[in-house]
Amino acid sequence: MLKKVNPVERILLRHNKITEKVLQEIKAGNLHSSSYMGKTLVDHGYIHTQTLLETLSAELRLPYVKKDQYPKSGLPVESISISEDFLREKVIFPLHLKDDTLVVAVFDPFDLYTIEDLKVSLGKNIRIVLSSEQDILEAIEAHYGGGGGSAMDRMVGDIKDEDLHGLDSLDESTEHIRDMASEAPVIKLVNHIISEAIESRASDIHLEPFAEELLLRYRIDGILHEFDPPPKRLSSAITTRIKIMAKLDISERRLPQDGRIKLKILGKDIDMRVSTLPTLHGESVVMRILDRGSLVLDLSQMGFPGKVHEQLETLILKPYGKLLVTGPTGSGKTTTLYAALSKINTPNKKIITVEDPVEYQMRGINQIHVKSQIGLNFASGLRSIVRQDPDVIMVGEIRDPETAEISIQAALTGHLVFSTVHTNDAAGAITRLLDMGIENFLISSALLGVLAQRLVRVICPECKEEAPLTPTLKAEMAQLGKEEIKVYHGKGCKACSQTGFRGRCGIYELLVIDDHIRELILKKSTAQTICDQARKTGMTTLREDGWDKVIKGITTVEEILRVTLNDRN
């Protein structure tokens, strides 16, 4: 039996999971209303449930069990003479009964009175394991309460209408609004939304208010999926809580705002970019999840074909010139550039970037965040960068002729310049620069290469199976000389949330600027002509690289058609 030594706050302090300042804040604000300090810390956002339970598990040598590890059928309440109300009140859940030993999942391992009470009343030995409050209550609901409730329902039920009075009024004081959004139920609800998104591998969280409902959507592997939303009445409370976390002006609801949140959730360091936008029925909020732990900054792990990988590494080691990465929004351009910078980030090179915004901070690289409202845009930032004696420059995006011209001049005067531009394919980037008014002889002299890319979803390995080959694909494969092939898809399983996909990888098209391409640039040839010439010298198009990944069983035919529909074959 556990002895009541090392209370939870002392354990967390010793493991550096909280600070003395946190405990002082809790006491000064009279926040500790429950009997268990661990619950108070979780409810008010000072620590994540998983961090709390993992720390206690290591200290107390008790197993930490998650809901998916619970037995599929719960013990009948009658068989162990424990009322459902008692289970809910004490936040415990019976897992196994073997001989004279009952294994019970608990959230508070220091509630020795309840454990002793169970032992005496049941006449059995009690062995405890640790589990989260949410998992325990969901299990009780599923096994004993008809399965009608969810974590969202319970959290919403804790928020009363009278508690929300004034949140929708622009006339209420800022302090009142702040107090309402700082209540534990609202904090728990927002934390649940964020945690659920991270567990679902989402890259973005969308909270969108409409006339009759609040829509909650997560972007997973590039596709938006709807999730169980909070009720519309909580829209303002949730938005205000997020704005407090992002250090935004909670009294300003008429103008868009941008902010940033730093969190440690599920053991991961998470940065979140927050954007609010006033709409007809309230503020729409989008949170971009930047998981530094999942960022791949190794070119060899990004799915480049062997030849493209070799050519790209050769280009980024050049002493000067310009390399462009092109593709639509969300195609992984910035990640590719970060990987390239990581490869050449050595003590003998000075690297400066100008970005909008700086998505990931990189050690040893000077990164500038664009602030248009004070006149710091790509063009002005680039002018200042050149005077800082850099070896390598990265411009987040070429949006206007001025930025294009300055970056070309920088490439011609001894700097290696990386940047992105929005075009459908590699050859299209050249015509885009020409359209911006850049002289053809400057482009042909400065440009080293253009990498076009897209992201396609990867077939879930857990439910991967062979798929029928369509006549269209058979015909296209015949043109490529690949007739005897097999294709695959995912039928959907728990691991991939029934989508058939898990994760993404890139498909690529690298146009290396050689003498033949320079001649065509000087002649102001069309993108199609440039593309045709590049293919004669061995360039693989996006569609061709995509088919190769279909044949290898990495992705599906539908994915390649989805992301390359308007591109040249």
Check your understanding: What is the set of long-range amide H partners of CYS460 at a cut-off below 5 Å, with H atoms built 1.01 Å from backbone N?
Key -> GLY490, PHE501, ARG502
Review point. What Rg and what Dmax come out for region 198-311 when only alpha-carbon atoms are used, in angstroms?
Key: 17.0, 56
Revision key, fill the gap. With +1 on the Cβ of every Lys and Arg and -1 on the Cβ of every Asp and Glu, the dipole magnitude of the chain about its Cα centre, in debye rounded to the nearest 20, is 1640
Exercise for review: Give me the percent of DSSP beta bridges within the chain that run antiparallel, rounded to the nearest 5.
Suggested key: 65
**Study point:** Percent of Cα pairs exceeding the 18 Å cut-off, where the set is region 84-139
**Key:** 23
Point to revise | Magnitude of the charge dipole, region 480-569, Cβ model with Lys/Arg +1 and Asp/Glu -1, debye to 20 | key: 380
Review point. Rounded to a whole number of µm²/s, how large is the Stokes-Einstein D of region 189-250 at 4 °C and 1.567 mPa s, given Rh as the Kirkwood radius over C-alpha pairs?
Key: 107
**Study point:** Reference-scaled alpha-carbon Rg (2.2 N^0.38 Å with N residues) for region 245-308
**Key:** 1.60
Point to revise | Tail fraction, Cα-Cα pairs, region 407-480, threshold 19 Å, whole percent | key: 58
Point to revise | Given charges at beta-carbon only (K, R positive; D, E negative), |dipole| of region 86-138 in Debye | key: 200
Review point. For the residue pair ASP68 and SER497, what label-to-label distance in nm results when each label sits 7 Å from Cα along the Cα-to-beta-carbon direction?
Key: 1.3
**Study point:** Accessible carbon and sulfur surface of the chain relative to its total accessible area, %, 1.4 Å
**Key:** 48
Exercise for review: Calculate one ³J(HN,Hα) per residue across region 85-99 by plugging θ = phi - 60° into the Karplus curve 6.51 cos²θ - 1.76 cosθ + 1.60, and present them in order as whole Hz with x for glycine and proline.
Suggested key: 4, 5, 4, 5, 4, 8, 6, 9, 9, x, 9, 9, 10, 10, 6
Check your understanding: Helix 306-316 versus the longest principal axis of the chain: what angle, 0 to 90°, nearest 10, using Cα atoms?
Key -> 80
Check your understanding: Each residue of region 362-378 in order: what ³J(HN,Hα) in whole Hz does its phi give by Karplus 6.51 cos²θ - 1.76 cosθ + 1.60, θ = phi - 60°, with x for Gly and Pro?
Key -> 10, 5, x, 10, 7, 10, 10, 9, 4, 9, 4, 5, 10, x, 8, 10, 4
Exercise for review: Within region 268-289, which residues have the backbone N less than 18 Å from the label spot 7 Å out from GLU213 along Cα→beta-carbon, could you tell me?
Suggested key: 280-285
Check your understanding: Which of these values of Cα Rg over 2.2 N^0.38 Å was calculated from the structure shown: [x] 1.16; [y] 0.95; [z] 1.08?
Key -> [x]
Review point. Which number do you get for Rg(Cα) / (2.2 N^0.38 Å) in region 400-554?
Key: 1.31
Study note, to complete from the structure: The Kirkwood hydrodynamic radius of region 299-380, taken as the inverse of the mean 1/r over all distinct Cα pairs, in Å, comes to 14.3
Exercise for review: Quote to one decimal, in nm, the extra length available between GLN24 and ILE223 on full extension: 0.36 nm per residue of separation minus the C-alpha distance between them.
Suggested key: 67.3 nm
**Study point:** the chain: calculated mean residue ellipticity at 222 nm from DSSP helix runs of at least 4, using -39500 (n - 2.57)
**Key:** -11000 deg cm²/dmol
Practice item. Return a whole-number percent for the relative contact order of the chain, with Cα pairs under 8 Å and 6 or more residues apart as the contact set. Key: 9
Review point. Ranked highest first by average number of other Cβ atoms within 10 Å, how do 321-330, 302-311, 355-364 line up?
Key: 321-330, 302-311, 355-364
Point to revise | Ranked packing of 536-548, 460-472, 55-67, most packed first, by mean Cβ within 10 Å | key: 536-548, 55-67, 460-472
Practice item. Kindly express, to the nearest 10 degrees and within the range 0 to 90, the angle between helix 426-435's C-alpha long axis and the longest C-alpha principal axis of the chain. Key: 70
Check your understanding: If you line up the Cα atoms of region 470-569 on their principal axes, what length do they span on each, largest first, in Å?
Key -> 55, 27, 20
**Study point:** Stretchable slack from ARG387 to LYS98, in nm (0.36 nm times residue separation minus alpha-carbon distance)
**Key:** 96.6 nm
Review point. Once amide H atoms are built 1.01 Å from N in the peptide plane, which residues 5 or more positions from LYS350, or in another chain, come under 5 Å H to H?
Key: ASP391, VAL392
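The values are calculated or read from the model by the stated rules, or taken from the named source; none is laboratory data. Only a predicted model underlies this, so the values are computations on that prediction, with no experimental measurement involved. For neighbour counting, all protein chains shown are included, and Cβ atoms are generated from backbone atoms with ideal geometry for every residue, glycine included. Note: accessible area is taken over every heavy atom of the protein model, side chains too, but ligands, DNA and RNA are not part of it. Shrake-Rupley method; radii C 1.70, N 1.55, O 1.52, S 1.80 Å.
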